[in-house]
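Asker: A single structure is presented below for examination.
The values are calculated or read from the model by the stated rules, or taken from the named source; none is laboratory data. It should be emphasised that the depicted structure is a prediction, and the values quoted were computed from it without experimental measurement. Because the Cβ atoms are built from the backbone with ideal geometry, glycine has one as well, and the counts that use them run over all protein chains shown. Accessible surface areas use protein heavy atoms only, side chains included; no ligands, DNA or RNA. Shrake-Rupley method; radii C 1.70, N 1.55, O 1.52, S 1.80 Å.
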Amino acid sequence: MKTADNQVSAKTKLLDAALTVIRSKGYAATTVDELCAEAGVTKGAFFHHFKTKEDLAVSAAQYWSTVTNQIFESAPYQNLSDPLDRLLGYVAFRKELLQGTLPEVTCLVGTMVQETYDSNSAIRQACHQSIFGHSSDVAKEIEAAKKLYAPKASWTPMSLALHVQAVIQGAFILAKSDQNAEVAAESFDHLERYIRSLFNR
């Protein structure tokens with residue numbers, strides 16, 4: 001029983017390390033040795049849980065979805081009764097998360113997919129599932145808001161949800177380029193104004 005607990009702990013430490021190191025250095029520049037050092041585990045522990053760095057990256061994308069979904073599900077905007085308020089609250093909450101260093105506030109799967117989309121199909125697919133899965137959750141709020149405030153609009157809830165993610169991921173790229181999260185915050189403000197313009201409330 002103790003061994004099993006230690007194994008689970010080591011795996012979680014490695015996944016947490018992946019979230020930190022890959023967002024800081026990128027997937028290609030991250031080494032197994034660095035991941036083990038960040039996690040405080042041996043290479044033997046690494047290869048007990050993951051066959052390769054790619055295997056860890058795929059698991060890290062899935063882990064990222066689990067961790068971030070828990071954050072969004074418990075966010076204050078979820079308690080709002082109006083779906084449009086929840087959608088706007090979601091954007092505002094994403095802006096609030098821009099606190100800390102750039103690696104801490106940017107997206108793991110967005111970082112990895114930019115590097116690997118044409119070179120590693122397994123990682124690309126894992127990132128796709130994370131991004132599009134989260135977009136599907138946002139689309140549910142958009143669908144409810146659309147029924148109330150824009151029932152005749154020609155756009156689809158999923159297309160708007162994906163646009164929201166495109167703006168967010170693009171904002172992260174701007175922040176990295178400028179070494180300043182404020183430029184991302186301004187993009188989120190523009191996104192909020194755009195969303196308001198789509199709904200007749």
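Asker: Name the pairs: first residue in segment 157-168 and touching a residue at least 24 places away in the same chain (Cβ under 8 Å), second residue of a type in the set (Phe, Trp, Tyr) and open to solvent by less than 40 Å² (accessible area, probe 1.4 Å), Cβ to Cβ under 9 Å, at least 6 apart or on different chains?
Answerer: VAL164/TYR90; VAL167/PHE188; ILE168/PHE188
Asker: Which of the residues that make up segment 45-97 are more than 13 Å from the chain's Cα centre (by Cα) and outside any helix (DSSP H, G or I)?
Answerer: Correct list: PHE50, LYS51, THR52, SER74, ALA75, LEU80, SER81, ASP82.
Asker: Here is a further query. Within segment 64-74, is even one residue closer than 24 Å to GLN179 by Cβ, touching a Phe, Trp or Tyr at 6+ places or on another chain (Cβ under 9 Å) and not aliphatic (A, V, I, L, M)?
Answerer: The answer is no, given that none of the residues of segment 64-74 is closer than 24 Å to GLN179 by Cβ, touching a Phe, Trp or Tyr at 6+ places or on another chain (Cβ under 9 Å) and not aliphatic (A, V, I, L, M).
Asker: Determine whether segment 144-154 contains at least one residue that is open to solvent by 60 Å² or more (accessible area, probe 1.4 Å) and within 30 Å of MET112 (Cβ to Cβ).
Answerer: no
Asker: Quick test of your reading of the structure: GLN165 fulfils all but one of (1) modelled with pLDDT of 95 or more; (2) open to solvent by 60 Å² or more (accessible area, probe 1.4 Å). Name the failing condition by number.
Answerer: It fails just one condition, (2).
Asker: Answer yes or no as to whether ASP85 is of a type in the set (D, E, K, R), open to solvent by 20 Å² or more (accessible area, probe 1.4 Å) and within 27 Å of LYS147 (Cβ to Cβ).
Answerer: Details: of a type in the set (D, E, K, R): yes; open to solvent by 20 Å² or more (accessible area, probe 1.4 Å): yes; within 27 Å of LYS147 (Cβ to Cβ): yes.
Spelling it out, ASP85 is indeed of a type in the set (D, E, K, R), open to solvent by 20 Å² or more (accessible area, probe 1.4 Å) and within 27 Å of LYS147 (Cβ to Cβ).
Asker: Considering only segment 114-127, how many residues are part of a helix (DSSP H, G or I) and touching a helix residue (DSSP H, G or I) at 6+ places or on another chain (Cβ under 6 Å)?
Answerer: Result for segment 114-127: 6.
Asker: If a residue has to be open to solvent by 30 Å² or more (accessible area, probe 1.4 Å) and either closer than 16 Å to LYS13 by Cβ or of a type in the set (Gly, Ala, Ser) (or both) to count, how many in segment 63-73 make the cut?
Answerer: 4
Asker: Something else: Which residue out of THR42, THR66, THR101, THR12 is farther than 30 Å from SER187 by Cα and out of contact with any helix residue (DSSP H, G or I) (no Cβ under 8 Å at 6 or more places or on another chain)? Step through it out loud before you land on a result.
Answerer: On the way: THR42 fails: out of contact with any helix residue (DSSP H, G or I) (no Cβ under 8 Å at 6 or more places or on another chain); THR66 fails: farther than 30 Å from SER187 by Cα; THR101 fails: farther than 30 Å from SER187 by Cα.
Every option except THR12 fails the conditions.
Asker: Just checking, does segment 22-34 include any residue being touching a Phe, Trp or Tyr at 6+ places or on another chain (Cβ under 8 Å), surrounded by fewer than 18 Cβ atoms within 10 Å (Cβ to Cβ) and touching a residue at least 60 places away in the same chain (Cβ under 8 Å)? Let's see the steps before the verdict.
Answerer: Going residue by residue through segment 22-34, those that are touching a Phe, Trp or Tyr at 6+ places or on another chain (Cβ under 8 Å) are 32.
With the extra rule that they be surrounded by fewer than 18 Cβ atoms within 10 Å (Cβ to Cβ), the set shrinks to 32.
Now drop any that are not touching a residue at least 60 places away in the same chain (Cβ under 8 Å), which leaves none.
Checked segment 22-34: no residue is touching a Phe, Trp or Tyr at 6+ places or on another chain (Cβ under 8 Å), surrounded by fewer than 18 Cβ atoms within 10 Å (Cβ to Cβ) and touching a residue at least 60 places away in the same chain (Cβ under 8 Å).
Asker: From the list SER135, SER130, SER177, SER187, pick out the single residue that is in a helix (DSSP H, G or I), of a type in the set (Ser, Thr, Tyr) and either more than 28 Å from ALA61 (Cβ to Cβ) or open to solvent by 30 Å² or more (accessible area, probe 1.4 Å) (or both).
Answerer: Unique residue meeting the criteria: SER177.
Asker: Out of all the residues in segment 143-160, is one or more within 12 Å of VAL91 (Cα to Cα), part of a helix (DSSP H, G or I) and in contact with a Ser or Thr (Cβ under 9 Å, 6 or more places away or on another chain)?
Answerer: Taking every residue of segment 143-160 in turn, none turns out to be within 12 Å of VAL91 (Cα to Cα), part of a helix (DSSP H, G or I) and in contact with a Ser or Thr (Cβ under 9 Å, 6 or more places away or on another chain).
Asker: Within segment 100-123, which residues are more than 23 Å from ALA175 (Cβ to Cβ) and open to solvent by 30 Å² or more (accessible area, probe 1.4 Å)?
Answerer: ASP118, SER119, SER121, ALA122
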